[in-house]
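To start, the structure under review is shown below, and the notes come after it.
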């Protein structure tokens, strides 16, 4: 896998366009697009990457919102799993920067906070999932929201 990552850096692909509200989404094209996981906890990032890849999904990780924005210069994810409380650039600021760039992707907020639903609503997220989460619930949430492109953020 490390070899693939090195090759990918040597020959970056141009980013695919973001999903626009009302656009038709090809299921095969969506399935090939990565899930962008944004969380400042390296153990959570590694666990999610390993689990989602074992389920056949392509995954890109970022440790904060600034890294996630950099990743969006290279990829067009099918969905973003977003922690809200992070250093450097938190989930709120990340979502604001997406709006400034006129980019819309399905976002699923991941948080242990009791106010997960409110936070998801504040940034226009598609859904939220509470930490710690059930892996089956996580997969169902990803599949439900990445396939239809869902509510734009």
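Derivation of every value follows stated rules applied to the coordinates shown; laboratory data play no part. From a predicted model like this one, the values you see are computed outputs, not experimental measurements. Quick reminder, even Gly has a Cβ in these numbers, built from the backbone with ideal geometry, and neighbours come from all protein chains shown.
For this structure, a couple of remarks:
- Relative contact order, percent, the stretch 41-148 [alpha-carbon distance under 8 Å, six or more residues apart]: 20 percent
- Per-peptide average of other Cβ atoms within 10 Å, ordering 82-88, 54-60 highest first: 82-88, 54-60
- Scaling the Cα radius of gyration of the stretch 41-148 by the globular reference 2.2 N^0.38 Å produces a ratio of 0.98.
- In terms of surrounding Cβ atoms within a 10 Å radius of their Cβ, 43, 143 rank from fewest to most as 43, 143.
- Separation in nanometres of the label points that stand 7 Å from Cα toward Cβ, at residue 92 and residue 113: 0.7 nm
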